[in-house]
Structures are given as C-alpha cells and as structure tokens.
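The values are calculated or read from the model by the stated rules, or taken from the named source; none is laboratory data. For clarity, every value in this text was computed on a predicted model and none was experimentally measured. No Cβ is skipped: glycine too gets one built from the backbone with ideal geometry, and neighbour counts run over all protein chains shown. When the accessible area is computed, the model is the full protein with side chains, heavy atoms only, and any ligands, DNA or RNA have been set aside. Shrake-Rupley method; radii C 1.70, N 1.55, O 1.52, S 1.80 Å.
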Amino acid sequence: MIKASINLQDLRKRIFIKAKAEKTWRFWGLYVHVCKMETLREAYRMTRKNKGAPGIDGVTFQDIESSGVEPFLQQIRDELVAGIYQPLRYRSHDIPKGNGGFRTLKIPAIRDRVVQGALKLILEPIFEADFQEGSYGYRPKRTPHQAVQRVSLAALDKPHVLDVDLKSYFDTIRHDILLGKVADRVEDKGILHLLKLTLKAGGKRGVAQGGPLSPLLSNLYLNQVDKMLERAKEVTRKGRFTRIEYARFADDLVILVDRQPNWDCLFQAAYQRLEEELAKLGVHMNAEKTKILDLQQGDSFTFLGFQFHWALSAAGKSRVYKRPTMRARNRLIRKLKEQFHRYQSRPVKDVIAVINPILRGWVNYFRCGNSNRCFHYVWHWVEKKVRRHLMRARGKSGFGWNRWSREWLYKHLGLYGDYQIRYLPKALPAR
C-alpha cells in the first residue's frame, strides 16, 4: 500500500487520504512504520515538548539525554522489532479537583510514552478521517475556542440544553470494545498486539489519562455517539436550519435543541438515543451532574471553563454571554498564591518572571468571552499582591500606592498587563 521509504509526514498524509476516500478500508503493514527511527524520533520530540514527570522507573529526560537519545531510541526499536517490548506499569498521581475530590492521572514511563506517541503518529490519520465535526478534544488543527464558539452560536436559537456529565468515563472504557473499533480499520496483528499491551499496562479496564495515545482512543470510543448526533441533526434539519447542535471535547458534551413548539418531544428523543448509544459502550451519564436546562428561564451551564447564559443586550435583544467560571478564576488565584508564597523572600522580578506566563496563558484562553469583570478582578488582585511583596521587602505595611505608579509596575518591572478582550469570528473556518 505505502512504500517504506517515504517520510513520516507524507506517510500520514497518504494514510489520511486513503482513509477518507475508502471508509471500509482496513490498513495493514503499519507496524513497520511504528518501529522506524524517524517515527520514534518524532515521538520523542513530542514527548519532550510536553515535558511531564517520570514514570514508575524514575527515568527523567535529563537521564536519557545524558546517556544519549539515539541509543535510548535504538533500544526501544530493537525491542519492538524483536517482539519483546513490554510496557511498564503506570505511576498513579492524584490531582485535587475543585469539588474536594481527586482525579487520578496514570503516568507511563518516558520509554512507553515514546511508543504510545509512535502509535499515535501512525493511527491518528486513519481515525481522524472518521471523526465528526462536533468533536474537538485534542485533535489536530482543532482548539477549545472553536468548540466554545460552536456552542455560543448554537445557543442563540437553541436555548434548551442537555449538559452531559459522563460517569468516570476514562476509567470505564472497555478494552474489548475499543480494540474492536481499532480492528474495524486496522488489519495488522503487530499494531493490535502493541495496543493491547499498552492498554493492559494501565489495568483491566479504562484508558490512562496521562498517556499520549489516550485522547485519540477516547475520541474513537465515543465516535459512534458523535455519529448518532450528526444523524439527528440531519433528520431534524429544515433547509439550512438545524434543530439540534452539539459539541464534545473529550468527555465534556453539550447538546442544544431549538425553541420550536414540540421541542420537548425532540429533546426527550435525543436524550433517549444518547442513553442507548452510551449503554452499548458501557458508559453512563452521571444522574446527579447531568442537567436539563432552559436558557430562556435564566438557567446557565458551563463548558470548557466558560459559563454560558442568556441576557438582554443594550439594544434589548437576547444575547448569549460567556464568562470564566468562578471555579476557573479561583483555580488561577490558588495557583498564583502558591507562587507568591514560594517566592516571598525572592526579588520581585523573580516573582514576575514566574507569574507572567501563568497569567498570559489564562488570559489568552478566556479573553474571547465576556470576561471584563473577571479580568478586572484578577488584574487588581495581582497588582495588590505585587505591591505587598515590594512593601514587605522593605519591612513596611500597605500597598505603596503613592510610592510606585502603575506605569512603573508594568513598564519597568514588566508585570503582565494585557487584559484586552478579543472576540472570536462569527463563522469558523472550513476544514
């Protein structure tokens, strides 16, 4: 099918074109491409870029690079070619959640992350050709902002919302069903065996959230749900107007239904079909967190860190507003507090060097919403903390409002201060 001599970029392009043109084609001869040094080098580059902690073996990137990256990759390749590669058990790491609970990350060793990255590079173009328009999570050339904009535009005339929460989604994925979905498009025993080893390293069920391959596999598992929702859109379409819209980012799913008189029947039908498709996968909605909402009645919902609600504009028309959730704002404040506390005895420029990237990333993400009030709060809070840091260094109380001007803080010290709102385009570019 594909010559082994072509480079990785051309290979991925050819695989995608073939998969897009022939929806039932089953690919073979892929394992040899996973084992290539070119693929492993690119997988290592991607893994290194994402940084991350070491796995259960304790081996860091510094350890690998001090001994040599090429010998490290060559050993992985030799094990893959000989068929003796065995992934190590994942290291578990609990991350606190805003509700007081914990989310468990399962972190593979760096060597296993490289192998997963190589698998992803070869498998991704096959399944990208099958994924649906409403799926945005961790896909090439797709961003959370595009998903947010899709929901914003749909909510203008589709105020009835099903805010779906999937119960322990990543932990409940069945390996047999997932491998079957891969086998529908891949006829390569080496690939399927390697994928099975990778899944089993994380346990008997579920997909570990800390691995490079996890987003692709989790999207593949829910692809039939996306297809069902796409069919529902087409069946209920009236000309160029759709009655249903949806957006999914990994396990975060929102379904919106328009305000036609018989919306209740349509909404119930969509809810029932969703339950049926999820049940086939062994996935269930969290009854306590899944909500049925009506924006016309003042309800609001959250999606990807934004809170969506209807409100009247200055012209008296209903508009969809989106702003950072209180949870997102509080998470930022906690993170900044940790840095101020950690660097409390250091020069202020050291503090600013640490907090500026945090602020820049957070603001760049939320600046596409109606975030003025939230940004003002963050801006004022950060400035006060910097001023207190300066005053404490001099053994004084207060904030030094008369001692240092704002111009001095932002121009001389270089404190981040770009809180400008920038709106997204009304229409998303075609793929």
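Here residue 396 is the anchor, and the lysines within straight C-alpha reach of less than 30 Å, apart from those fewer than 8 places off in the same chain, are 335, 337, 349, 384, 385, 411.
For the pair the range 202-247 / the range 120-192, the C-alpha centres are spaced 5 Å from each other.
Across the chain the C-alpha pair distances fall into 20 Å bins from zero in the proportions 22, 49, 27, 2 percent. Comparing 306, 270, 290 along the charge dipole axis of the range 253-396, the residue lying farthest to the positive side is 306, per the Cβ-charge model. Between residue 286 and residue 341, residue separation times 0.36 nm minus the direct Cα-Cα distance comes to 16.0 nm. Of the solvent-accessible surface of the chain, computed with a 1.4 Å probe and all protein chains present, 51% belongs to carbon and sulfur. Dipole magnitude for the chain: computed about the Cα centre from +1 point charges on Lys and Arg Cβ and -1 point charges on Asp and Glu Cβ, it is near 1760 debye.
Fully extending the segment from residue 412 to residue 318, taken as 0.36 nm per residue of separation minus the present Cα-Cα distance, adds 29.5 nm. Net length available on complete extension from residue 204 to residue 18 is 63.6 nm, with 0.36 nm assigned per residue and the Cα-Cα distance removed. If R0 is taken as 60 Å, the Cβ-Cβ distance between residue 273 and residue 419 corresponds to a FRET efficiency of 0.90.
The modelled label-to-label distance between residue 41 and residue 197, using points 7 Å beyond Cα along the C-beta direction, is 2.4 nm. Normalised by the number of residues in the chain, the mean separation of alpha-carbon contacts (under 8 Å, six or more apart) gives a relative contact order of 15 percent. In the full protein context, the range 97-157 carries 32 Å² of accessible surface per residue, based on a 1.4 Å probe and ignoring ligands, DNA and RNA.
Cross-link reach is defined here as a Cα-Cα straight distance under 23 Å, omitting same-chain residues fewer than 8 places apart; for residue 196 the lysines meeting it are 36, 106, 120, 181, 204, 280. Once the range 46-147 is represented by equal point scatterers at the alpha-carbon sites, with solvent omitted, what log10 I(q)/I(0) does the Debye formula produce at q = 0.21 Å⁻¹? For the range 46-147 at q = 0.21 Å⁻¹, log10 I(q)/I(0) is -1.19. A helix-only calculation puts the chain at -15000 deg cm²/dmol for mean residue ellipticity at 222 nm, using -39500 (n - 2.57) for each DSSP H run of at least four residues, averaged over all residues. Remark: the range 247-257, residue by residue, has Karplus-estimated 3J(HN,Hα) of 8, 10, 10, 6, 9, 9, 10, 10, 10, 10, 10 Hz, where x stands for each Gly or Pro and the curve is 6.51 cos²θ - 1.76 cosθ + 1.60 at θ = phi - 60°.
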